[in-house]
Every structure is written in C-alpha cells, then in structure tokens.
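Working notes, beginning with the structure itself.
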Amino acid sequence: MLAFEQQVLADLVEDPNGGLVVLSSGLPLASLAATLLLHLHQTPGNAAGGGCLLVLSATDTLKARIRRRLQDKLQVHDVPPDLAAQQRATLYASGAALFLSPRALAADLLTSRLLPSRVQALLLLSAHRSTDTSSDAFICRLLRQRNLLPVYAFSDCPHAMVAGFSKAERTMKSLYVRRLHLWPRFHVLAAADLERAPPDVVDVRVPMTPPMRGIQAAVLATMDACLKELRRTNKVDVEDLTVDKGLFKSFDEIVRRQLDPIWHTLGKKTKQLVADLRTLRKLLDYLVRYDAVTYLKYLDTLRVSEGVRSVWILADSSHRIFELAKRRVYQAVRTDGVNVSIDNKGTPTKKRKVAHNSTKKGKVTENEDSTVGPNTQKANTDVGIVLEEVLEEAPKWKVLWELLQEIAEQRMKSSAGNVHDEDKNDESGIVLVSCKDERTCLQLQECILKGPCQDGRCIGPTVANEPEPPLCQNSITRKAGGKKAPEKEMQVIVDMREFMSSLPNVLHQKGIRIVPVTLEVGDYVLSPLICVERKSIADLFQSFASGRLYNQVETMARYYKIPVLLIEFSQDKSFSFQSANEIGDDVSPTNIISKLSLLVLHFPRLRIIWSRSLHATAEIFMSLKTNQDEPDEKKATRVGVPSEDGIVEDDVRSENYNTSAIEFLRRLPGVTDSNYRAIMDGCNSLAELALLPVERLAELMGGQKAARTLKEFLDAKCPTML
C-alpha cells in the first residue's frame with residue numbers, strides 16, 4: 001500500500017462510529033475497501049464471532065477488483081436478491097463478508113432475520129448517491145437504532161458531493177457519521193505518492209477536414225436557431241441558453257433543471273425544441289466519433305424518424321448538414337471530369353436512373369457501405385454522370401496510426417541501441433489506448449490490426465465508464481412545534497417489491513412499523529379494510545397502456561372494502577398531469593384524465609388519492625389509519641391466494657356468490673347496477689331466476705317494465721335451422 005492509503009485507513013478506523021471518505025476520481029477505491037475488509041476481519045472481536053461485514057452499493061467491476069486485491073486472504077460472498085431467505089440467514093450467521101443489495105437487506109432487518117448485534121461493520125461504496133430517503137440511509141437507521149456499529153462510507157465522485165445545498169452534510173446526517181475525510185489529488189501525501197513517477201503528457205490535437213468543419217458550423221447555426229425559438233417561450237432563463245454552453249453535457253442538466261417543475265404545462269413545440277437541442281448535441285459528438293458512412297446513415301435515420309415533427313430540420317442551416325455529409329461519402333461527377341453539386345431534391349432522381357441502368361452488382365445508393373472498393377465509378381450512359389466514392393477517412397485514426405508508428409520506431413531504436421538493464425526491466429512493452437464506448441473499441445481493434453502493432457487486442461468496455469443515474473434529492477419537511485407521539489404503534493404491511501422505492505424509508509421515519517411480506521393484492525395494507533395501490537406518474541401511464549391497472553383495481557375491489565389508488569408526484573416537479581388548455585370537454589381514449597374517469601365509473605368503490613411527495617404520502621397514510629384496526633400479516637399474505645380446495649378467503653365478491661354468474665346476470669336486459677344486488681338476494685341461482693313470475697321480478701327489480709323485459713328475454717324461443 002502507498003503511504004496515503006495507509007493514512008486514509010488509519011484516520012478512518014480511529015473513530016468507532018466510522019466516517020465518510022471522499023476521494024478524487026481515479027484514486028484506488030477498491031484497494032482501500034479491500035484493505036479495510038481485511039483489517040476488520042482480522043480484528044480480535046470478529047475472529048471470536050463478532051459479526052458479519054456488509055458491503056452495499058458495489059458495482060460488478062468494483063466487486064471484481066476487491067476480490068482481486070483480497071485473493072485468498074478473505075472470501076467475500078455475493079448475495080443476490082433472489083437468494084432464498086434460509087440461505088441468507090445461514091450466511092449472516094457465518095460471520096463472513098457479504099456483497100448485498102439494499103432491498104433484501106432492509107427486508108431481513110425488518111423481519112429480524114438479521115439482528116443488528118450480528119453485524120460488525122457496514123461499508124457503503126457509493127455514498128454520493130445516499131439521501132435522506134435512499135435505501136442506504138434506511139439500512140443505516142435500522143442498524144443504528146439498537147446497536148452502535150461503525151459505518152464506513154466511500155465516494156470517488158467529488159463533483160456529486162457538491163450538488164445541491166449542503167450535500168456532504170446531508171449525506172453524513174443520513175448515514176449517521178460524524179467525520180468527513182477529504183483526499184484530493186493535491187493532498188500532500190497523495191501528491192507525493194503520485195509524483196514519484198509522473199507521466200509525460202503530450203497533447204495531440206486531431207484536425208478536422210473541411211467538410212467536418214462545415215458540418216460543425218451548420219450544427220451550431222441550427223442550435224442557435226433552436227435556442228432563439230426556445231427563448232421566445234419565456235419559460236427558461238435566457239442567460240444560461242447560449243451556444244457555448246450547448247456544447248457541454250451540463251447543458252441538458254441546465255435545461256432540465258429549469259423546465260422539470262413546469263414540464264407538464266409546456267406545449268408540444270417547447271418539448272420538441274428541448275429534444276432537438278439534445279439531438280444536435282449528439283450530432284456534434286458523433287461527428288468526431290463515427291465514420292463518414294455511419295454518420296450519413298444516422299442522419300438519414302433522423303430524417304425519417306423526426307422529419308415530420310422536428311423543428312431543427314426545418315432550419316435553413318440544416319440543409320448544409322445533409323449536403324456536406326453526402327460529400328464525405330460520395331460525389332457526382334460528369335464523364336468529362338466536372339463535379340456536379342449534390343442537391344437533396346435532384347439526387348434521388350439521378351440515383352434511380354443510375355440504379356435502373358446498372359446491374360444489381362453495380363448499384364450505388366446514399367447508404368452504400370464501405371465494402372465497395374475505393375475510387376470505383378458507376379457510369380450512366382444516358383445522363384453522362386458517375387457517382388464517385390469519396391469515403392472520407394476519420395482523422396482520429398490517421399493520428400492514432402502515426403502515433404503507433406512513432407512508438408514502434410522508438411522501440412526499434414531502443415532495441416538497436418545500448419540500453420541499460422534497468423531500463424529494459426522497467427519497459428513493459430504495453431500500449432494502452434482507452435475508448436469511450438464499445439463501438440469505438442471494436443473500430444480501434446480493427447485499426448490496430450491494420451497498423452504497425454498487429455498484436456493488439458480489444459479488452460472491451462466496462463460498466464465503470466457508464467454515466468451515473470440522476471440522484472434523487474428529496475428534503476425532509478418539518479412541522480413547527482412538537483408532535484405528540486402516538487399511543488399505539490402503527491404498522492403498515494408493505495409488499496417486498498415496494499422496497500425499490502423510498503416510501504418505506506419515509507414511513508419508518510414517521511415511526512410506523514414496516515412489515516415486509518409478499519402481497520398478491522395491492523402494495524400497502526393499512527387496515528383490514530384499506531388496501532393501497534401506489535403509482536408514480538410514469539408507472540401510471542405504463543399501467544394504463546398495458547391494462548395492468550384495471551386488473552389491479554379489480555382484485556383490490558374484490559378483496560377489500562376500501563380500495564385506494566394513490567397517485568404520487570415527485571416533489572421537484574409540477575403537481576399536475578397536463579396544462580389546463582390541454583384538458584378537453586369530451587372523453588378521449590388517449591387522455592389520462594378520461595382514462596381515470598372511466599376507471600372510477602367502472603369501479604364506484606375506488607378511491608383516488610393525490611399526493612405531492614413521499615412525505616405527503618406518509619402523512620396521508622397516518623390520517624387513513626386513524627380509528628382503524630391494525631392489519632393482520634397472515635391474512636394479508638393469504639389474500640388472493642387460493643387454498644388447496646381452490647377457495648379464496650376474504651373475497652367480498654366470491655365469498656357468498658358465484659362471480660361468473662354475477663357477471664352473466666349483470667349483462668341480462670333490464671338488470672342494472674341498482675337492482676342486481678336485490679335480484680341476488682331474492683333468488684339463489686340463475687335457474688331459479690328463470691322460473692320467477694313477472695310479479696316477483698317486478699318487486700325485485702323495482703318496476704314492471706324492467707321485469708317484463710327480462711321475462712321476455714328468458715322465455716324467448718331459440719331460433720333453429722329447421
């Protein structure tokens with residue numbers, strides 16, 4: 001270990017409560033985590049059966065690096081979420097080091113399958129993702145309630161730790177740690193270790209060809225036109241919307257941060273302008289990453305998919321983008337050698353003529369791949385025009401080839417000259433070229449095999465370079481004054497799948513006891529009468545599209561007296577589905593308000609609750625549980641699960657009645673929602689209903705007209721073919 005790594009661990013284990021370590025990107029996080037696990041495992045308390053070591057929020061790449069560092073010194077078991085509960089309990093009792101998922105660990109702690117006294121320490125390897133409503137904070141609270149154990153949190157994303165207001169302080173508060181350890185690259189100990197063998201950095205600028213520079217200028221002009229249209233909406237801050245800022249990835253974050261609270265109230269044109277700005281940024285990025293043919297294919301795909309509704313394609317400068325992209329692949333030349341300008345309107349006609357008069361083997365189209373040999377010409381004798389392939393080479397591969405040739409020449413000179421033995425031993429002979437994505441990596445492998453170093457191979461991409469998901473930042477709302485503690489402990493039965501959200505964590509913060517089980521009906525059971533199906537905005541739209549919500553509400557209405565549909569909004573977004581001008585007077589099959597109205601009409605007992613945020617949902621649950629009995633865990637797990645005899649318990653529809661017969665009865669003429677229950681109380685079966693006289697039917701159905709309509713239908717003769 002390096003000197004600064006030893007100092008990091010010494011400072012961290014000094015405090016028995018643990019701490020938060022923030023490292024600069026690139027510093028050895030896996031080495032620190034592996035050494036800390038080995039140190040904790042070798043302590044006298046753990047050797048005598050002190051408890052297990054839990055590691056959370058570790059990616060697959062980080063797990064592999066930790067295991068590689070530990071080798072045979074310590075075995076770290078990977079516990080998948082779908083592992084059986086009995087096997088997880090066995091691993092907990094063994095006192096080993098475990099890689100865990102937060103969802104399974106939270107359920108085991110709530111069910112006392114894992115006691116906090118059996119845990120020696122908790123390691124969090126992505127502390128920058130922890131918030132007061134995250135799963136990591138939930139687990140820390142469960143572990144620190146009855147047992148004071150150390151929590152060691154690490155983060156190698158310092159930029160994420162400064163996002164928002166007091167991000168580091170809120171993270172430390174949610175993880176119950178007191179000390180913050182900052183280790184930037186310019187730290188005295190870190191800089192001393194890193195500067196022992198400093199690398200020689202040579203900045204190589206990749207030049208752009210004239211068509212590439214023209215495309216870049218046209219994209220910037222088109223982006224400027226879209227920004228001018230976006231400024232006219234008066235929805236965003238004009239100072240942040242500049243072309244210079246549009247070249248960076250943070251531009252999307254700036255626009256999203258300004259428009260997210262009012263996104264549902266924006267018009268279609270504004271939303272399309274935001275999408276067009278993202279597309280134009282991709283065009284600038286792909287210009288230097290893709291080859292000429294692939295870039296032209298991507299432009300053709302955009303023209304087909306976005307040509308109708310896109311705004312940037314209608315700009316004057318967008319024509320220049322397509323024209324220069326075609327010139328990078330092919331050009332039209334007369335037989336006498338004079339170049340012909342490629343026009344978007346005239347090119348398709350010429351192409352069809354060329355393809356019609358040439359053989360199948362000699363056809364040339366816009367999207368022709370680079371498999372055709374260079375400088376081949378396809379002639380059209382009628383028009384006298386040939387399409388000459390250009391296939392412009394990407395400049396970056398030429399620069400890379402020159403660098404590899406330079407390295408190869410230096411190796412040959414070093415091997416031919418007099419070199420000391422020490423220098424020979426230090427020379428590894430490996431040239432490492434890093435790539436951004438898998439496609440570039442495969443192209444790099446092909447380039448290396450054709451270049452001077454023909455023994456190269458592609459190692460492949462890793463998930464370590466994947467972008468971080470957006471952080472969920474929710475703040476705790478406090479009420480002025482104190483709040484009297486409830487006299488009895490409230491409990492809520494929660495489905496195991498709901499632990500992927502932060503609502504169980506917020507409910508636990510409110511003092512509600514969480515009972516994690518696997519529910520067949522609903523997401524939350526508040527009482528023997530109330531069952532709640534929780535939907536976020538995105539999940540609500542998907543459930544309506546797939547028809548899943550109808551079945552969920554139907555099962556809740558079947559087994560519970562008060563079925564509830566909870567629609568939960570995000571705290572940092574608008575508390576509305578759509579703007580007021582988009583709400584029409586007629587029922588539309590594509591309108592979300594119309595779908596909700598039809599759902600309530602079909603299930604009259606359904607109650608819809610609107611919640612602004614997670615904390616508002618917790619307050620609503622506490623209000624609903626007022627004067628209600630506590631739910632029974634065993635009964636909640638049996639709801640919707642048939643027994644060995646095929647009988648479903650607590651079915652308010654099928655407990656005393658045949659559900660299939662009820663559906664058939666409600667479709668008979670004269671039977672309505674107001675009289676079908678009286679008919680079921682007056683007769684025991686459909687056969688008995690068919691034998692009832694008209695007078696008795698009039699008493700049950702509440703009128704002579706409905707009774708005669710039903711009787712005539714039941715006594716009508718069936719038509720025959722004879």
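The values are calculated or read from the model by the stated rules, or taken from the named source; none is laboratory data. Not measured: the values here are computed from a predicted model. Don't worry about glycine lacking a Cβ; one is built from the backbone with ideal geometry, like all the others, and counts go over all protein chains shown.
Given the criteria in a loop (DSSP other than H, G, I, E, B) and either modelled with pLDDT of 85 or more or touching a Lys or Arg at 6+ places or on another chain (Cβ under 9 Å) (or both), does Val255 qualify?
When the stated conditions are applied, Val255 does not pass them.
What about Leu83, is it surrounded by 21 or more Cβ atoms within 10 Å (Cβ to Cβ) and on the phi < 0 side of the Ramachandran plot?
On the way: surrounded by 21 or more Cβ atoms within 10 Å (Cβ to Cβ): no; on the phi < 0 side of the Ramachandran plot: yes.
Here the answer is no, as Leu83 does not meet what is asked.
Can you list the helices (runs of 4 or more DSSP H) lying wholly within the range 658-722 that have 3 or more residues being over 56 Å from the mean Cα position of the chain (by Cα), at pLDDT 85 or above and outside the structural domain of Arg605 (by TED's automatic domain parsing)? Before you say what the answer is, go through the steps one by one.
Working: elements: 659-666, 676-682, 686-691, 694-701, 704-715.
Correct list: 686-691, 694-701, 704-715.
Quick check on this structure: which one of Thr131, Thr171 is part of a loop (DSSP other than H, G, I, E, B), at negative phi and surrounded by 13 or more Cβ atoms within 10 Å (Cβ to Cβ)? Break it down into steps so the answer makes sense when it comes.
On the way: Thr171 fails: part of a loop (DSSP other than H, G, I, E, B).
After ruling out the rest, the residue left standing is Thr131.
Tell me the residue from Phe569, Phe575 that is closer than 19 Å to Met500 by Cα and in contact with a Lys or Arg (Cβ under 6 Å, 6 or more places away or on another chain), please.
Numbers: Phe575 fails: closer than 19 Å to Met500 by Cα.
Going through Phe569, Phe575 in turn, just one is closer than 19 Å to Met500 by Cα and in contact with a Lys or Arg (Cβ under 6 Å, 6 or more places away or on another chain): Phe569.
Output the qualifying pairs, or none if there are none: Cβ atoms under 7 angstrom, residues six or more apart or on different chains, first residue in the range 157-182 and touching a residue at least 60 places away in the same chain (Cβ under 8 Å) and under 14 Å from Ser126 (Cβ atoms), second residue part of a loop (DSSP other than H, G, I, E, B) and polar (S, T, N, Q).
Listed pairs, sorted by first residue: Cys157/Ser25; Pro158/Ser24; Thr171/Ser130; Leu175/Ser130.
Mind checking which pairs have a first residue in the range 298-327 that is closer than 17 Å to Leu220 by Cβ and a second that is in a loop (DSSP other than H, G, I, E, B) and modelled with pLDDT under 80, Cβ under 6 Å, 6 or more apart or different chains?
Ile313/Gly307
Scan the range 220-242 for residues that are part of a helix (DSSP H, G or I) and at pLDDT 75 or above and jot them down. Reasoning before the result, please.
Residues of the range 220-242 part of a helix (DSSP H, G or I): 220-231, 238-240.
Hits for the range 220-242 are Leu220, Ala221, Thr222, Met223, Asp224, Ala225, Cys226, Leu227, Lys228, Glu229, Leu230, Arg231.
To keep it simple, each residue is scored yes or no on (1) modelled with pLDDT of 70 or more; (2) more than 41 Å from the chain's Cα centre (by Cα); (3) of a type in the set (S, T, N, Q).
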| position | (1), (2), (3) |
| --- | --- |
| Lys378 | no, yes, no |
| Thr381 | no, yes, yes |
| Glu388 | yes, yes, no |
| Lys398 | yes, no, no |
| Trp401 | yes, no, no |
| Gln410 | yes, yes, yes |
| Lys424 | no, yes, no |
| Val433 | yes, no, no |
| Leu442 | yes, no, no |
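Would a scan of the range 65-75 turn up a residue that is touching a Lys or Arg at 6+ places or on another chain (Cβ under 7 Å), in contact (Cβ under 8 Å) with a residue 24 or more places away in the chain and not in a helix (DSSP H, G or I)?
Applying the first criterion (touching a Lys or Arg at 6+ places or on another chain (Cβ under 7 Å)) to the range 65-75 yields none.
No, every residue in the range 65-75 fails to be touching a Lys or Arg at 6+ places or on another chain (Cβ under 7 Å), in contact (Cβ under 8 Å) with a residue 24 or more places away in the chain and not in a helix (DSSP H, G or I).
How many of the residues in the range 492-511 are surrounded by 17 or more Cβ atoms within 10 Å (Cβ to Cβ) and in a helix (DSSP H, G or I)? Break it down stepwise before answering.
Of the residues in the range 492-511, the ones surrounded by 17 or more Cβ atoms within 10 Å (Cβ to Cβ) are 492-495, 498-499, 501-509.
Subsequent filtering for residues that are in a helix (DSSP H, G or I) retains 498-499, 503-509.
Number of matching residues: 9.
With respect to the numbered conditions (1) exposed (fewer than 13 other Cβ atoms within 10 Å of the Cβ); (2) modelled with pLDDT of 65 or more, which one is the sole condition not fulfilled by Val515?
So Val515 meets the others, but not (1).
Does Ser117 count as of a type outside the set (Lys, Arg), in contact (Cβ under 8 Å) with a residue 60 or more places away in the chain and within 23 Å of Ser501 (Cβ to Cβ)? Walk me through it before giving the result.
Numbers: of a type outside the set (Lys, Arg): yes; in contact (Cβ under 8 Å) with a residue 60 or more places away in the chain: yes; within 23 Å of Ser501 (Cβ to Cβ): no.
Here the answer is no, as Ser117 does not meet what is asked.
Consider Ala190 carefully, then state whether it is among the small types (Gly, Ala, Ser), assigned to a helix (DSSP H, G or I), over 30 Å from Ala275 (Cα atoms) and touching a Leu at 6+ places or on another chain (Cβ under 8 Å). Give the derivation first.
Numbers: among the small types (Gly, Ala, Ser): yes; assigned to a helix (DSSP H, G or I): yes; over 30 Å from Ala275 (Cα atoms): yes; touching a Leu at 6+ places or on another chain (Cβ under 8 Å): yes.
Yes.
Among the residues of the range 20-28, is there at least one that is in a helix (DSSP H, G or I), on the phi < 0 side of the Ramachandran plot and either in the same structural domain as Arg170 (by TED's automatic domain parsing) or of a type in the set (A, V, I, L, M) (or both)?
no
Does Pro116 fit the bill of being out of contact with any Pro (no Cβ under 6 Å at 6 or more places or on another chain) and under 21 Å from Val8 (Cα atoms)?
On the way: out of contact with any Pro (no Cβ under 6 Å at 6 or more places or on another chain): yes; under 21 Å from Val8 (Cα atoms): no.
Considered against the rule, which asks whether it is out of contact with any Pro (no Cβ under 6 Å at 6 or more places or on another chain) and under 21 Å from Val8 (Cα atoms), Pro116 comes out as no.
Mind checking whether some residue in the range 345-352 is outside the structural domain of Leu444 (by TED's automatic domain parsing) and either closer than 23 Å to Ala221 by Cβ or at pLDDT 80 or above (or both)?
Applying the first criterion (outside the structural domain of Leu444 (by TED's automatic domain parsing)) to the range 345-352 yields 345-352.
Pick out the ones that are also either closer than 23 Å to Ala221 by Cβ or at pLDDT 80 or above (or both) and you get 345, 347.
Among the residues of the range 345-352, at least one is outside the structural domain of Leu444 (by TED's automatic domain parsing) and either closer than 23 Å to Ala221 by Cβ or at pLDDT 80 or above (or both), which makes the answer yes.
Have a look at Ser166, Ser155, Ser126, Ser130 and point out the one that is modelled with pLDDT of 85 or more and over 20 Å from Ala34 (Cα atoms). Don't jump to the end; show me each part of the working.
Values: Ser166 fails: modelled with pLDDT of 85 or more; Ser155 fails: over 20 Å from Ala34 (Cα atoms); Ser126 fails: over 20 Å from Ala34 (Cα atoms).
Within the list Ser166, Ser155, Ser126, Ser130, the selection yields Ser130.
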